[in-house]
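For reference, the structure is listed below as structure tokens.
The values are calculated or read from the model by the stated rules, or taken from the named source; none is laboratory data. Since the model is a prediction, treat every value here as computed from it, not as a measurement. Using ideal geometry, Cβ is built from the backbone for each residue, glycine included, and neighbour counts are taken over all protein chains shown. Just so you know, the surface numbers come from the protein's heavy atoms only, side chains and all, with ligands and any DNA or RNA stripped out. Shrake-Rupley method; radii C 1.70, N 1.55, O 1.52, S 1.80 Å.
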Amino acid sequence: MKFFVKTLGCKMNFLDSARIIAGLQSAGHILVDDETFAELVFVNSCTVTARADRQSRQEAFKREKGGKAVVIFGCGVKVDLQKWKTNFPNALIFPGEREIFQYFGVEDGEIPFASSHRTRVPIAIQTGCDNACTFCITRIARGRIESFPIESIVRQVHRAEEAGIQ
């Protein structure tokens, strides 16, 4: 399958998209730079503000209206899965990376190495937040703090180094 990814939001969303891309590619799917050649368009939603949430819905709607098959995931979906399912009944909607990987035949196991064309690549050591700020939706969207296994982090650093990435 040929796919394109549209990412909205923060650096963690871009890292999530990079992991999705790496996972899908490891299962034989092909990333395209031009979405007109994609069979599926993945929209990584953001919900940190009402504007970001609206923009995420607009991006998904624009692709559906253009006749594209759409996959929606990300923070917007995690915060209000039912709203996304109601508004986009024809889209594939996934609350998490694991569900995407299961659906598209990505082997379960190691977090995919999110390589890029850049000279540096971010490697997440944790995700989520334990603070309960009244103005912030991050804790709801990303969940409580979850640290990744140190062995996995070290392997990713070594893989980046072997690939010539700083």
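The mean accessible area for residues of segment 13-166, using a 1.4 Å probe and ignoring ligands and nucleic acids, is 60 Å² per residue. Note on the chain: with neighbouring protein chains present and a 1.4 Å probe, carbon and sulfur make up 52 percent of its accessible heavy-atom surface. For the chain, taking a cut-off of 4.7 Å between Cβ atoms, the unpaired cysteines are Cys10, Cys46, Cys75, Cys129. Pairs exceeding a 19 Å alpha-carbon distance, out of Lys6/Lys68; Lys6/Lys62; Lys11/Lys65; Lys2/Lys78: Lys11/Lys65; Lys2/Lys78. For the chain, hydrophobic long helices are taken as DSSP H runs at least 27 Å long by C-alpha position along their axis with mean Kyte-Doolittle hydropathy of 0.0 or more; none is present. Count Lys and Arg as plus one, Asp and Glu as minus one, and take only other residues whose Cβ is under 10 Å from that of Lys68; the net charge is then 0.
Any chance you could run the full-extension gain for Lys11 through Ser152? It's 0.36 nm times the residue separation minus the Cα-Cα distance, nm to one decimal.
So the chain would gain 48.8 nm between Lys11 and Ser152.
Between Cys46, Cys136, Cys75, where does the largest GNM mean-square fluctuation fall for the chain, given springs only between Cα atoms within less than 10 Å? Highest fluctuation of the listed residues: Cys136.
Measuring how big the chain is from its alpha-carbon positions, Rg and Dmax come out at 15.9, 45 Å.
For Ser45, the residues 5 or more places off, or on other chains, whose built amide H falls under 5 Å of its own are Phe73, Gly74, Cys75, Gly76, Val77. Specify the residue with the greatest mean-square fluctuation among Val154, Val70, Val43, computed from a Gaussian network of the chain linking alpha-carbon atoms under 10 Å apart. Taking springs between Cα atoms under 10 Å, the residue moving most is Val154. Here r is the Cβ-Cβ distance between Lys85 and Glu161 and R0 is 35 Å; the resulting FRET efficiency, rounded to 0.05, is 0.25. Each residue, Ser26 and Tyr103, gets one label point 7 Å from its Cα in the Cβ direction; the gap between the two is 1.9 nm.
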